[in-house]
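Report on one structure; see the data block that follows.
The values are calculated or read from the model by the stated rules, or taken from the named source; none is laboratory data. Keep in mind it's a predicted model, so treat the numbers as computed, not measured. Methodologically, a virtual Cβ is constructed for each residue, glycine included, from the backbone with ideal geometry; neighbour enumeration extends over all protein chains shown.
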Amino acid sequence: MKKSIILAIVALFVTCNIQAQVGLNVKKLKLGDIPTITAEEDSLYKKDGLFCATFEFAYDYFVNDENKFELWQMEHRVFKIYDETNAKDLETLDFGTIDPENIHIIQARVIKNGEVLKSYTKKDLEKKKDEDASEDDLPNIQIKFSGVEPGTIIEYLIVRKRSNIIEQDDIRLQHTYPVKNIQFTIVMPQHLKPYVQLYNGTYPIIDTIIDSKELRYTTIHIDYLPAIKKEVVSFYDKYMCRVEFNIAYNLAQSRLRMNTTKDFVNEFYDNIQLTDKEIIKILKKDFIKKIKFAKNASELDKINTIEHFMKDQLGGVNIGVVQLTRFYGYIFNHYKIKYQLVITCDKTEREFDKNFNGSNFYDNILFYFPTLNHYMAPAENSFRNGLIPINYAGNNGIFLQTVEVGKEKSFVHSFKKIPEGSADAGIDNLNLKFKIDPTNGTLVGTIERTMGSYRVHFIQAFFKAFEVEEKEQLIEMFLTLDAESSNISNEEFLNTDPKDVGVLPFIAKANISNTDWIKVNKSTIELSVGKMIGKQDRLEEKEIRQLPVEKEYLNSYIRVIVIDIPEGYKPLDLSKLAYGIYDTDDPENATAGFVCSYKLEGNTLTITVKEYYNKLFYPVSEYPQFKRVTNSAADFNDIKITLTKE
């Protein structure tokens, strides 16, 4: 090993704000000198509201005195707080669910003007459990600070023993606040080697062996990462600089890879089979026997019947996606329904990487029915077969197909893209019909709103369990159109069964009257037709856009406003209702657009407003065009027309 590398590692751990012997024995770590933030740093990061001056994270894998493999984890952070919002947020430090017995040390302190206002240790920990947690569930471990205000520094160090060896994990090094002095470290016995991949960053991954200690250090050091901004219509989480790793090699036994995609596929067929005889007995007695198919039921009918029955019976039971997959797989096999398993990850958090040689991205499971080209998510209770859950649609995945050689069955795999989902499931159509009463300045009519299941799948799936208050909220959400003066009566909701999810749109209907959208003068009536589509948000960017536009699903809007013009009145200047705005100069090839048109037939004025977004991803370079279309809806809110007496 080069001397310069040894010196670099020694310097790294000696200059660390936490104090330990060289070699990073996490059991001996403790807080060091009081950290300081320079005036220059204050001037640079005050605008962000929060600044992380140090972020150190380490996994320490080693063989203990009993010759057993153990894992210890260390996390050390230093925060400077600049505003009230972050001061409030950091009054409670939540370390997540941890067995208190596995916490080796917690040190924390609140610092101001170079002095420690208060220190905290393990005895200051508070344990909190959710109301629905069982006795076996671990508590959330928290520290509640006092004296946290703008200008204070919070520092903490936690060292804990993990109850299980982590063969793979992902750690985010970047956050929504700027971070400096980032150090990620994995310490392993010399014969073990991790496979480490850095995403959204090009910093070196240094793998170093210290022969005298028979240890391997895999480190990533980054001096500074800027804040990831929470820009609207974006999945900012997935663009954070992060580490993916797995324990890849056991060089003491061979130089072959461990924990590969091939290993996962070879083992997963057996792992996903249901073998528990007691559970099989329950499935046969309480599920299969009770699942009733209609006469001459098709394959689609059978799949839907099984899914609705299972989600009705198991919807509130937390048994995990793998076990649910075993249940569904056993029942589908019983009825000889052919399927493939698809494993993917949440696209809003990270892109599926088929080139990562391991199972790090294998978080969620879907069933794929090739003869129908349908996808079903066993663990997503508000989705149904045929409607791909939003967080997986358009992502890549690993497709596992069963093959049989003699009596042996196994999976073969391929990587494919999951479809983007149904555009029909993203519709939001509005139909308004109004008559005008000039004597009392009121619009009176009907409203009907038709929404695809991507917008309202949760409502359709659980409508029957809603209380009166929750149904009243639906009126506010969908029928008042953001107007306090909208008076709604005789409301009706249609297609409110879980079986309607992805099949039939949710429909909300009612009578409506409004006094804000009309202004009656002596010889004119002014109508705020732009407000009749509901409040449209405007994209405001004070800084240059950093992230691409990413939508959860394809969506479109058709709003039809029909107004009966009173006898003796005629509309003026309707030309303002005829225009089109697109994301390209060629409307025929536009992928997004806002189009307004009108038709006057006798005394009936019909205004039609169409808005559509036909792709999920718009690069940063196309953001101005996307923004132009989106903001045209906000501009429409300002449109008024005038009716004048003839």
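Of the residues L527, L539, which is outside the structural domain of F383 (by TED's automatic domain parsing) and under 27 Å from the mean Cα position of the chain (by Cα)?
Selected residue: L539, the only one of L527, L539 that is outside the structural domain of F383 (by TED's automatic domain parsing) and under 27 Å from the mean Cα position of the chain (by Cα).
Confirm whether S146 is surrounded by fewer than 15 Cβ atoms within 10 Å (Cβ to Cβ) and either closer than 17 Å to F95 by Cα or among the polar types (S, T, N, Q) (or both).
When the stated conditions are applied, S146 passes them.
Could you please let me know if L504 is under 35 Å from the mean Cα position of the chain (by Cα), touching a residue at least 24 places away in the same chain (Cβ under 8 Å), outside any strand (DSSP E or B) and in the same structural domain as L605 (by TED's automatic domain parsing)?
no
Restricted to the range 89-114, and to residues that are farther than 16 Å from L157 by Cβ and in contact (Cβ under 8 Å) with a residue 60 or more places away in the chain, which residue is surrounded by the fewest Cβ atoms within 10 Å (Cβ to Cβ)?
G114
Just to be sure I understand, how many residues within the range 397-420 are closer than 18 Å to P370 by Cβ and in contact with a Gly (Cβ under 8 Å, 6 or more places away or on another chain)?
Result for the range 397-420: 5.
Which count do you get for residues in the range 377-422 that are outside any strand (DSSP E or B) and more than 22 Å from P505 (Cβ to Cβ)?
Looking only at that region, the number is 6.
Mind listing just one residue for me: the one in the range 330-349 that is part of a loop (DSSP other than H, G, I, E, B) and aromatic (F, W, Y) and, of those, surrounded by the most Cβ atoms within 10 Å (Cβ to Cβ)?
Per the criteria, the residue is Y339.
So that you can scan it fast, the table gives a plain yes or no per residue for (1) more than 28 Å from the chain's Cα centre (by Cα); (2) more than 18 Å from V26 (Cα to Cα); (3) among the charged types (D, E, K, R):
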site: I154; (1), (2), (3): yes, yes, no
site: I166; (1), (2), (3): no, no, no
site: T185; (1), (2), (3): no, no, no
site: D207; (1), (2), (3): yes, yes, yes
site: R216; (1), (2), (3): yes, no, yes
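For the range 56-88, which residues satisfy the criterion of being among the basic types (K, R) and either part of a strand (DSSP E or B) or buried (at least 16 other Cβ atoms within 10 Å of the Cβ) (or both)?
Correct list: R77, K80.
For I81, indicate whether it is in contact with a helix residue (DSSP H, G or I) (Cβ under 7 Å, 6 or more places away or on another chain) and not small (G, A, S).
yes
Anything in the range 480-496 that is more than 21 Å from D424 (Cα to Cα) and either basic (K, R) or touching a strand residue (DSSP E or B) at 6+ places or on another chain (Cβ under 7 Å) (or both)? List them, or say none.
Going residue by residue through the range 480-496, those that are more than 21 Å from D424 (Cα to Cα) are 480-492.
T480, A483, S485, S486, N487, I488, S489, N490, E491, E492 - these are the residues of the range 480-496 that are more than 21 Å from D424 (Cα to Cα) and either basic (K, R) or touching a strand residue (DSSP E or B) at 6+ places or on another chain (Cβ under 7 Å) (or both).
For the range 150-172, what are the residues that are modelled with pLDDT of 95 or more and not in a strand (DSSP E or B)?
Hits for the range 150-172 are P150, G151, T152.
So how many residues does the range 310-329 have that are surrounded by fewer than 16 Cβ atoms within 10 Å (Cβ to Cβ) and among the charged types (D, E, K, R)?
Within the range 310-329, residues that are surrounded by fewer than 16 Cβ atoms within 10 Å (Cβ to Cβ) and among the charged types (D, E, K, R) number 1.
Could you run through the range 597-632 and say how many residues are closer than 16 Å to V232 by Cα and in contact (Cβ under 8 Å) with a residue 12 or more places away in the chain?
The total comes to 15.
Do the conditions hold for S632, that is, is it buried (at least 17 other Cβ atoms within 10 Å of the Cβ), part of a helix (DSSP H, G or I) and within 31 Å of the chain's Cα centre (by Cα)?
Answer is yes for this residue.
Looking at (1) closer than 30 Å to I220 by Cα; (2) at pLDDT 95 or above; (3) touching a Leu at 6+ places or on another chain (Cβ under 8 Å), find the lone condition where I247 falls short.
(2)
So, Y339, is that one more than 22 Å from the chain's Cα centre (by Cα) and closer than 22 Å to N396 by Cβ or not? Give the steps one after another, and end with the answer.
On the way: more than 22 Å from the chain's Cα centre (by Cα): yes; closer than 22 Å to N396 by Cβ: yes.
The answer is yes for Y339.
Which residues, counting only those in the range 211-232, are in contact with a strand residue (DSSP E or B) (Cβ under 7 Å, 6 or more places away or on another chain) and surrounded by fewer than 19 Cβ atoms within 10 Å (Cβ to Cβ)?
E214, H221, D223, Y224
Can you give me the number of residues within the range 89-123 that are of a type in the set (A, V, I, L, M, F, W, C), assigned to a loop (DSSP other than H, G, I, E, B) and more than 20 Å from G49 (Cβ to Cβ)?
Selection size over the range 89-123: 1.
Is there any pair linking a residue in the range 65-88 that is farther than 19 Å from I106 by Cβ and modelled with pLDDT of 95 or more to one that is in a loop (DSSP other than H, G, I, E, B) and of a type in the set (V, I, T), with Cβ under 6 Å and at least six apart or on different chains, and which?
K80/I37; I81/T152; A87/V148
Among the residues of the range 175-220 satisfying the criterion of being touching a Pro at 6+ places or on another chain (Cβ under 8 Å) and assigned to a strand (DSSP E or B), which is farthest from Y239 (Cα to Cα)? Full working, then the answer.
The initial filter retains those residues of the range 175-220 that are touching a Pro at 6+ places or on another chain (Cβ under 8 Å), namely 178, 186, 188, 214-216, 218, 220.
Narrowing further to those that are assigned to a strand (DSSP E or B): 186, 188, 215-216, 218, 220.
Values: I186: 23, M188: 29, L215: 32, R216: 29, T218: 23, I220: 18 Å.
Residue satisfying both the conditions and the ranking: L215.
Residue check, Y120 against (1) among the hydroxyl-bearing types (S, T, Y); (2) crowded, with 17+ Cβ neighbours inside 10 Å; (3) within 29 Å of F245 (Cα to Cα), all met but one. Which one?
(3)
One residue is enough: does the range 19-27 have a residue meeting the conditions assigned by TED's automatic domain parsing to the domain that holds F79, buried (at least 18 other Cβ atoms within 10 Å of the Cβ), modelled with pLDDT under 50 and in contact with a Ser or Thr (Cβ under 8 Å, 6 or more places away or on another chain)?
Within the range 19-27, none of the residues are assigned by TED's automatic domain parsing to the domain that holds F79, buried (at least 18 other Cβ atoms within 10 Å of the Cβ), modelled with pLDDT under 50 and in contact with a Ser or Thr (Cβ under 8 Å, 6 or more places away or on another chain).
Here are E448, E491, E470: which of them is surrounded by fewer than 15 Cβ atoms within 10 Å (Cβ to Cβ) and either farther than 29 Å from Y339 by Cβ or not aromatic (F, W, Y) (or both)?
Matching residue, one of E448, E491, E470: E470.
Could you identify the single residue in N360, N355 that is among the polar types (S, T, N, Q), at pLDDT 95 or above, under 25 Å from the mean Cα position of the chain (by Cα) and surrounded by fewer than 17 Cβ atoms within 10 Å (Cβ to Cβ)?
Unique residue meeting the criteria: N355.
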